[in-house]
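Working notes, beginning with the structure itself.
The values are calculated or read from the model by the stated rules, or taken from the named source; none is laboratory data. Keep in mind that this is a model prediction, so the values were computed, not measured. Methodologically, a virtual Cβ is constructed for each residue, glycine included, from the backbone with ideal geometry; neighbour enumeration extends over all protein chains shown. For accessibility, only protein heavy atoms count, side chains too; no ligands or nucleic acids. Shrake-Rupley method; radii C 1.70, N 1.55, O 1.52, S 1.80 Å.
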Amino acid sequence: MSTAIEGIDPSRVPTHVGCVMDGNGRWAQRRGMQRTEGHAAGEEALFDTVLGALDLGIQWLTVFAFSTENWRRPQDEVRFLMGFNRGLLRRRRDELNDLGVRIRFAGRSDWRVPRSVTREMQESAAMTVSNRTLTLTMAFNYGGRAEIVDAVRSMVAKGVSPKEITEKSLAEHLYLPDMPDPDLVIRTSGEYRISNFLLWQLAYSELVFLDTLWPDFRRSDLYDAVREYQGRNRRYGRV
Ligand code: IPE
Ligand code: IPE
Ligand code: MG
């Protein structure tokens with residue numbers, strides 16, 4: 001599993017890494033291609049990142065695949081992204097399963113997500129449910145604000161009283177309550193924003209912003225980000 005990688009202390013590898021996989025459209029446009037071809041090229045980047053995470057012994061990898069705001073894109077692109085994610089799961093899940101990857105999803109269920117996509121997500125999750133080498137969470141139709149709203153709704157529906165609402169109990173009502181907070185979040189494409197990714201969970205995450213466009217991202221970029229992370233001093237409000 002984890003191999004020695006120069007300049008990385010294996011005892012301080014982040015437990016959970018999040019990735020905002022951004023820049024697919026610009027990658028394609030710079031090559032005179034359709035934006036959708038950039039999404040397709042992002043598949044290799046994702047798979048290589050998974051292999052890099054396995055090499056490092058990272059246990060949780062969460063990737064932003066489709067946001068609750070991405071419905072605002074042209075209908076053709078949205079349709080492509082739905083089909084692309086369904087295809088990606090079909091193409092890759094056996095290999096991921098063989099690698100010991102547990103595939104999970106975080107996001108809101110939504111009538112706009114085609115049934116065939118939901119089915120593929122459920123099958124991929126069921127097939128890999130007992131794997132523990134790496135948990136790959138795809139944030140799909142995910143929004144951090146929507147997640148907090150959904151958590152509050154489920155608490156209210158259960159009749160939780162005001163004094164029972166605590167940081168701990170709210171966190172227990174998020175989509176994946178057993179998921180640890182990300183230690184490191186990487187955003188590609190030179191944008192310095194969070195865009196509604198894991199808002200609750202990233203209160204104390206270390207953030208690394210890269211100019212690299214997502215389709216060009218490879219495990220070596222993950223290693224660079226982990227080196228950067230290991231150079232940071234996480235204080236959590238202390239001195
Ligand atoms: C990220 O790439 C993928 C998704 C949001 C689905 P973009 O499609 O946002 O690419 P840019 O940011 O327009 O270049
Ligand atoms: C964030 O990227 C969402 C995903 C990577 C899926 P966007 O491209 O949607 O974010 P903005 O619009 O630049 O903030
Ligand atoms: Mg973008």
Which of the trypsin sites (Lys or Arg not before Pro) across region 1-51 are loop residues per DSSP, with 12 or fewer other Cβ within 10 Å?
Arg31
Go through Phe47, Tyr236, His173 and say which Cα lies farthest out towards the positive end of the charge dipole of the chain; charges sit on Cβ, +1 for Lys and Arg, -1 for Asp and Glu.
His173
In nm, what is the difference between 0.36 nm times the number of residues separating Arg31 and Met127 and their Cα-Cα distance?
30.8 nm
Tell me, what HN-Hα J-couplings in whole Hz come from the Karplus equation 6.51 cos²θ - 1.76 cosθ + 1.60 at θ = phi - 60° for each residue of region 155-160, using x for Gly and Pro?
5, 5, 4, 7, x, 5
Accessible area of the chain with a 1.4 Å probe: how many percent of it is carbon plus sulfur?
49 percent
Using 0.36 nm times the number of residues separating Thr118 and Glu6, minus their current alpha carbon distance, what extension gain do you get?
36.3 nm
Sparse-neighbourhood loop hits (GluC sites (Glu not before Pro), region 46-122; DSSP loop; Cβ within 10 Å at most 13 others) -> Glu69
Decide, for region 106-239, between rounded, prolate and oblate: order the square roots of the alpha carbon gyration tensor eigenvalues as a ≥ b ≥ c, take rounded if a/c falls under 1.5, and otherwise choose prolate if a/b is larger than b/c, else oblate.
oblate
Just to be sure I understand the model, the point goes 7 Å from the Cα along the line to the Cβ. What's the resulting Asp48 to Arg227 distance in nm?
1.6 nm
Phe105's amide H: which non-local residues (gap 5+, or another chain) put their own amide H closer than 5 Å, with H modeled 1.01 Å from N in plane and none for Pro or chain starts?
Met138
Restricting to Cα pairs below 8 Å that are 6+ residues apart, what does the relative contact order work out to for the chain? Please round to a whole percent.
29 percent
In region 125-200, chymotrypsin sites (Phe, Trp or Tyr not before Pro) in a DSSP loop with at most 10 other beta-carbon atoms within 10 Å
Tyr192
If R0 = 22 Å, then Glu191 and Trp71, at their Cβ-Cβ distance, give a FRET efficiency to the nearest 0.05 of 0.70
Sum of -39500 (n - 2.57) over DSSP H runs of 4+, divided by residues of the chain (222 nm, nearest 500)
-13000 deg cm²/dmol
Under the Karplus relation 6.51 cos²θ - 1.76 cosθ + 1.60, θ = phi - 60°, what is the ordered set of whole-Hz ³J(HN,Hα) values for region 225-238, x standing for Gly and Pro?
5, 5, 4, 4, 4, 5, x, 8, 10, 8, 9, 6, x, 7
Subtracting the Cα-Cα distance of Ser161 and Asp94 from 0.36 nm times their residue separation yields 19.7 nm
